[in-house]
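What follows is a short report on a single structure.
The values are calculated or read from the model by the stated rules, or taken from the named source; none is laboratory data. In this text, all values refer to a predicted model and were calculated from it rather than measured experimentally. Note that we place each Cβ from the backbone using ideal geometry, even for glycine, and neighbour counts take in every protein chain shown.
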Amino acid sequence: MHLGIFAALDYHPGLSGTPAAFFRRILLRAEQAEGLALESFWVSEHHFSTYGLGPDPAVLLTAIAEHTRQLRLGTAVATLPFHHPLRVAETFAMVDQLSGGRLEFGVGSGYLAHEFDGFNIPAAEARPRLDEALEIVRLAWSGQAIHYKGTFFRFDAPPLNLLPTQRGGPPIHLAVTRPTSAAFVGRRGFNIAHIPYIGQSSLEGLRSMIATYRAALPSPAQVSVACHAFCGEQPWNGPGDPAYEEAERALDLYLRTRVVPGARYEGKPISSDFMLFGDVAQWQHYLEAFEQMGVDRLLLITDFGGLPEATVHPSLERLVNVR
C-alpha cells in the first residue's frame with residue numbers, strides 16, 4: 001500500500017497567514033513528502049470560500065512539479081462540471097508534460113451548493129455534466145479529432161496540439177462519496193478516490209464498499225482513501241485524550257467550518273475509525289487494517305484546522321517511519 005498526502009487546502013484567515021504564505025507552506029509540504037519517500041501528493045479544488053483555497057489545482061500542481069522530482073501529483077478532485085472539457089484536457093496535458101508524466105487525474109461532480117450557485121449551474125446537472133466532460137477529455141487525450149454530440153457539449157474539433165506524456169492519458173480516479181456508487185464506478189473500470197468520513201460510519205462499511213467495487217471491476221484498478229492523520233509520541237486513548245487535544249481541536253474546527261453540508265455521517269460526529277490518531281504502534285495497526293481491506297493508496301490529511309507547522313511536520317516524520 002502506498003502512502004501519500006492529500007492537501008485539502010484548509011485555509012483559516014488568522015491561523016494560516018496570507019494566501020501567499022499558505023501556498024508556500026503547501027510547496028514545503030510537498031518537498032517534505034518527497035524527502036520522506038511518500039508516493040504522491042494530491043490537492044483539492046474549491047471555489048467561493050476558504051473551505052479549500054484551491055480554485056485551480058493545475059496551477060498548484062505545476063508549481064509543486066517544479067519543487068519535486070518523483071512524487072506522483074494528483075487532483076482530488078478536478079470538478080469537471082465547472083469547466084469546458086477541452087480546456088481541461090489541454091490544461092492537464094500541460095501539467096503532465098511539465099511534471100514528466102507524474103499526473104494522477106482525479107475527477108468528480110462536486111457537491112457544494114454554493115459552488116454550483118456561483119457558476120450558475122443546476123446541481124441536478126452535476127453527474128451528467130461529469131460524465132460528458134470525462135468522455136470528452138478521454139477522446140481528446142486519444143490524439144484524434146474530437147467529434148461529440150451530447151446534452152451539454154457539441155463540437156467537431158481538431159486534435160489537441162498538446163497531449164499528456166503518459167500514453168493514453170494519466171490514470172483516472174473517479175470520486176465516490178456514497179457507497180451505492182461503488183459498483184457503478186467499478187463496472188466502468190475506473191480507479192476510485194474516496195474520503196470515507198463523508199459517507200461511511202465505520203471501517204466495516206468501508207470494507208464492504210471496497211469489496212462491492214472490486215467485485216464489479218472488469219480488470220484490476222486502484223482504491224485511494226483519504227483520512228485525517230496525526231502521529232503522536234504516546235498512544236491515543238480515543239476522543240478526549242488530553243495528549244491529543246491540539247489535533248482533536250483542529251479536526252473539530254475543520255469539521256464545523258469546512259465540510260458543511262456533508263461533513264457528518266447522517267448527522268453524527270465523524271467516526272473515530274477515520275480519525276487516524278495515535279503513536280507508531282497504533283499507526284502500524286492502521287496501515288495493516290487499510291491494506292488488508294484492499295486500499296492501494298492511503299492519503300494522509302495532515303494539515304487541517306490551522307495546525308501549526310511545528311506540530312504537523314514532527315507528526316509526519318513519525319508516521320512515515322512506521323514501516
Single unsatisfied condition, LEU251 versus (1) surrounded by 15 or more Cβ atoms within 10 Å (Cβ to Cβ); (2) at pLDDT 95 or above; (3) closer than 23 Å to ARG29 by Cα; (4) not hydroxyl-bearing (Ser, Thr, Tyr): (2)
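Conditions tested, residue by residue: (1) more than 18 Å from ILE5 (Cβ to Cβ); (2) among the aliphatic types (A, V, I, L, M); (3) within 21 Å of the chain's Cα centre (by Cα).
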{"site": "GLU288", "(1), (2), (3)": "yes, no, no"}
{"site": "MET293", "(1), (2), (3)": "yes, yes, yes"}
{"site": "LEU298", "(1), (2), (3)": "no, yes, yes"}
{"site": "ILE301", "(1), (2), (3)": "no, yes, yes"}
{"site": "LEU307", "(1), (2), (3)": "no, yes, yes"}
{"site": "THR311", "(1), (2), (3)": "no, no, no"}
{"site": "SER315", "(1), (2), (3)": "no, no, yes"}
{"site": "ASN321", "(1), (2), (3)": "no, no, no"}
Members of the range 267-292 that are touching a helix residue (DSSP H, G or I) at 6+ places or on another chain (Cβ under 9 Å) and part of a loop (DSSP other than H, G, I, E, B): PRO269, ILE270, SER271, ASP279
Residue within the range 72-80 that is surrounded by fewer than 21 Cβ atoms within 10 Å (Cβ to Cβ) and among the basic types (Lys, Arg) present: yes
Number of the exception - LEU112 against (1) surrounded by fewer than 17 Cβ atoms within 10 Å (Cβ to Cβ); (2) within 18 Å of the chain's Cα centre (by Cα); (3) among the hydrophobic types (A, V, I, L, M, F, W, C): (1)
Matching residues, the range 205-236, being charged (D, E, K, R) and either at pLDDT below 95 or under 22 Å from PHE6 (Cα atoms) (or both): ARG207
Filter result for GLU125 (over 20 Å from SER49 (Cα atoms), at pLDDT 95 or above and touching a Ser or Thr at 6+ places or on another chain (Cβ under 7 Å)): no
VAL295 vs. criteria under 18 Å from ARG72 (Cβ atoms) and assigned to a loop (DSSP other than H, G, I, E, B): yes
Members of the range 36-50 that are closer than 20 Å to SER16 by Cα, within 16 Å of the chain's Cα centre (by Cα) and surrounded by fewer than 21 Cβ atoms within 10 Å (Cβ to Cβ): HIS47
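Here's the yes/no breakdown for (1) surrounded by fewer than 19 Cβ atoms within 10 Å (Cβ to Cβ); (2) modelled with pLDDT of 95 or more:
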| residue | (1), (2) |
| --- | --- |
| HIS2 | yes, yes |
| GLY14 | yes, no |
| PHE22 | no, yes |
| ARG25 | yes, yes |
| GLN32 | no, yes |
All positions within the range 166-199 that are assigned to a loop (DSSP other than H, G, I, E, B), out of contact with any His (no Cβ under 8 Å at 6 or more places or on another chain) and in contact (Cβ under 8 Å) with a residue 12 or more places away in the chain: GLN166, GLY168, GLY169, PRO170, PRO171, ARG178, GLY189, ILE195
Any pair with Cβ under 7 angstrom, 6 or more apart, that starts in the range 208-228 at a residue that is part of a loop (DSSP other than H, G, I, E, B) and ends at one that is surrounded by fewer than 24 Cβ atoms within 10 Å (Cβ to Cβ) and of a type in the set (A, V, I, L, M, F, W, C): ALA221/PHE190
